[in-house]
Amino acid sequence: MQNSGGGNCGGAPTVTIADALRLSCNIPFAELAVELGDDAIREEAEKYGFNSSFSMPLVSEPSVYPRALSDDKTALTGFGQGDVRATPLQMAMVSAGIANGVVMNPMMVDQVIGPDLSVQQTFAPSEFRRALDEDLAATMTELMVANVQNGVASNARIDGVEVAGKTGTGENGDTDPYTLWFTGFAPADDPQVAVAVVVEDGGGQGQSGFGNTIAAPIAKKVMEAVLKR
């Protein structure tokens with residue numbers, strides 16, 4: 001197993017977790033996943049909504065972190081490969097959960113309005129689970145900000161706004177096009193919007209496109225529109 005670019009990530013035999021995230025290194029997270037074990041990772045993933053479906057009121061397809069994994073399969077899940085399955089909704093919930101420290105149940109509408117403009121039904125925000133403590137949320141935010149400011153998610157930068165984000169470039173086979181991802185939130189110090197972008201079939205670029213080159217610029221435009229930048 002090697003990192004996407006081949007060889008060591010960061011040019012040294014070892015790398016910190018901060019730099020592993022900033023440079024999107026596969027091997028350190030694979031090794032860490034094996035050390036933690038699949039049960040611990042699944043327990044954490046389920047705090048964000050994995051292995052659950054949600055009524056919004058449409059019912060969502062559950063994202064999956066599988067059970068009873070061997071070490072090699074667990075290693076693959078450490079950097080989002082293998083048998084892990086996630087929807088864009090799920091990854092937006094992950095980013096929002098880091099931004100808030102609390103994962104909220106997703107909602108599609110605030111109100112249902114009748115033909116006479118009367119309010120027929122109201123949906124109130126509700127908490128799903130607390131994902132992580134405030135200090136850990138702050139650390140994760142700091143790491144995701146570094147990923148955008150001077151890491152491999154640089155195409156999500158917005159002038160005058162601190163963006164927290166993470167790219168993903170999912171492999172589907174030896175020759176199949178990549179699946180390109182970006183998820184994040186902004187502003188990092190006062191979150192107003194969380195996004196997840198997925199571009200299938202390599203964005204028309206086969207295995208030449210990456211999350212930062214195709215998915216991150218789309219996310220940037222969405223965040224700019226919401227923030228009116």
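The values are calculated or read from the model by the stated rules, or taken from the named source; none is laboratory data. Here the structure is a predicted model, which means the values were calculated and not measured. Neighbour counts run over all protein chains shown; Cβ positions are idealised from the backbone, glycine included.
So here's what we get for this one:
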| item | result |
| --- | --- |
| Residue under evaluation Gln149, criteria (1) farther than 24 Å from Gln81 by Cα; (2) of a type outside the set (D, E, K, R); (3) touching a helix residue (DSSP H, G or I) at 6+ places or on another chain (Cβ under 7 Å); (4) crowded, with 16+ Cβ neighbours inside 10 Å, criterion not met | (3) |
| Helices (runs of 4 or more DSSP H) (entirely within segment 1-99) containing at least 1 residues that are in contact with an Asp or Glu (Cβ under 6 Å, 6 or more places away or on another chain) and at positive phi | none |
| Test: residue in segment 65-82 that is aromatic (Phe, Trp, Tyr), at pLDDT 95 or above and surrounded by fewer than 20 Cβ atoms within 10 Å (Cβ to Cβ) | no |
| Qualifying residue in segment 51-59 (condition: under 26 Å from Glu127 (Cβ atoms), at pLDDT below 90 and not aliphatic (A, V, I, L, M)) | yes |
| Cβ pairs under 6 Å, 6+ apart, first in segment 68-92 and in contact (Cβ under 8 Å) with a residue 40 or more places away in the chain, second of a type in the set (Asp, Glu) | Thr74/Asp38 |
| Failed item in (1) touching a strand residue (DSSP E or B) at 6+ places or on another chain (Cβ under 9 Å); (2) outside any strand (DSSP E or B); (3) hydroxyl-bearing (Ser, Thr, Tyr), with Thr167 passing the rest | (2) |
| Condition met for Thr175 (polar (S, T, N, Q) and under 13 Å from the mean Cα position of the chain (by Cα)) | no |
| Hits in segment 97-124 - residues which are within 14 Å of Pro57 (Cα to Cα), free of Cβ contacts under 8 Å to residues at least 12 places away in the same chain and acidic (Asp, Glu) | none |
